[in-house]
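Just below is one structure, and these are the notes that go with it.
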Amino acid sequence: VNVLIVFAHPEPRSFNGALRDVAVATLRADGHEVEVSDLYAAGFKAVADADDFALRADSTYLCIDLEQAAAQEAGTISPDIRAEQGKVARADLVVLQFPLWWFGPPAILKGWFDRVFTRGFGYRSGCKYDTGLMRGKRAMLSVTTGTSADTYAADGIDGGILDILWPIHNGLLRYTGFEVHAPNLVHMPHRMSDTERAAELQHYASLLHQIDDQPTLFFHPSSDYGTDERLLAHVTPASGFQHRAKQPSPIDQDGPS
Ligand SMILES: Cc1cc2nc3c(=O)[nH]c(=O)nc-3n(C[C@H](O)[C@H](O)[C@H](O)COP(=O)(O)OP(=O)(O)OC[C@H]3O[C@@H](n4cnc5c(N)ncnc54)[C@H](O)[C@@H]3O)c2cc1C
């Protein structure tokens, strides 16, 4: 498959860099085509603003999504955005590699979301969730944290990690139509011994060797929601992981019973 790894860490020798390198090596060894977007190395512009639009649809009032749609339609979207969109379009699997910063992605990666997933490319009217423009593609987050797995347990002080990652898992990936793999998480790599870090890298390589078998996150299908976009009364709210081969939505022990 074609894989895009989006790497958002300012230090190539970081543990995030090591995870990226393992992913590239493992996936290529398994015969996959791998592209990498190294956002810091590329100096990727992190803010969506007027400079993204050489030609304005409305020069009197800046409405980003209106300008994005117009530029997408006219083919005048800025070259750095177009290049990233080309990579996303080619990819069957998108891996986002980043450290958790203030409970979210580094700003440069948030900017990649804001600027690349334009109205017209990432979404448009009537195309979201089950009918999202990215359907048929898969995505996975590979994330490091500064605190422990316990702090990110459901009852942990930082809050459940799937809640923390929900804005990306659901707000970006599921919304635009991706099937979303369970994330690869490495907690506190800076506190680990070299042996423990090597084991984490080995674990990630093993996971990637069997990427097709990795569980995916369960999201309710659009048909579970009413016209008010709230769950229908007879539908039991669910979350967690499901195994890809089994349909519909049998949820394993990590999910609800
Ligand atoms: C602005 C900011 C906000 C933050 N907010 C949060 C937050 O909200 N929640 C939270 O949990 N954390 C937070 N953090 C902490 C952050 O998530 C961690 O610092 C980060 O995840 C650690 O990953 P790293 O790649 O930067 O580690 P690094 O410190 O780069 O690496 C850890 C160790 O791994 C070593 N290493 C590198 N390559 C290899 C290799 N190939 N083999 C073995 N070892 C290797 C490095 O030399 C280093 O000793 C924040 C940090 C910042 C700067």
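Tabulated values for the structure
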| read-out | value |
| --- | --- |
| Anisotropy class of segment 134-174 from Cα gyration tensor, a/c 1.5 cut | prolate |
| Cut-off 13 Å between beta-carbons: net charge of the residues surrounding A69, Lys and Arg +1, Asp and Glu -1 | -2 |
| Cα principal axis extents for segment 68-198, largest first, Å | 52, 27, 24 |
| FRET efficiency for A154 and A29, using Cβ-Cβ distance with R0 set to 41 Å, rounded to 0.05 | 0.70 |
| In nm, spacing of pseudo-spin labels at A233 and W166 (7 Å Cα→C-beta vector) | 2.5 |
| In segment 88-156, chymotrypsin sites (Phe, Trp or Tyr not before Pro) in a DSSP loop with at most 14 other beta-carbon atoms within 10 Å | W102, F103 |
| 13 Å cut-off, amide nitrogen to a point 7 angstrom out along D80 Cα→Cβ, residues in segment 4-43 | 38-43 |
| Using θ = phi - 60° and Karplus 6.51 cos²θ - 1.76 cosθ + 1.60, couplings along segment 53-58 (whole Hz; Gly, Pro as x) | 10, 5, 10, 9, 6, 9 |
| Within segment 1-92, trypsin sites (Lys or Arg not before Pro) in DSSP loop having at most 10 other beta-carbon neighbours inside 10 Å | R13 |
| Whether segment 1-137 is rounded, prolate or oblate, judged on the alpha carbon gyration tensor where a/c under 1.5 counts as rounded | prolate |
| Alpha-carbon gyration tensor eigenvalues x 5, square-rooted, for segment 113-257, Å | 29, 18, 16 |
| Cα gyration tensor, segment 28-85 - rounded (a/c under 1.5), prolate or oblate | prolate |
| For q = 0.14 Å⁻¹, Debye-computed log10 I/I(0) when each Cα of the chain counts as one equal scatterer | -1.03 |
| Computed lengthening from R124 to A41, 0.36 nm per intervening residue step minus Cα-Cα distance | 26.8 nm |
| Fraction of antiparallel bridges per DSSP, the chain only, in percent to nearest 5 | 20 |
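Every read-out reported here was derived from the displayed coordinates using simple, explicitly stated rules and does not represent laboratory data. Owing to the predicted nature of the structure, the values given are computational and were not obtained by experimental measurement. Neighbour counts are summed over all protein chains in view; Cβ atoms, including those assigned to glycine, are modelled from backbone coordinates with ideal geometry.
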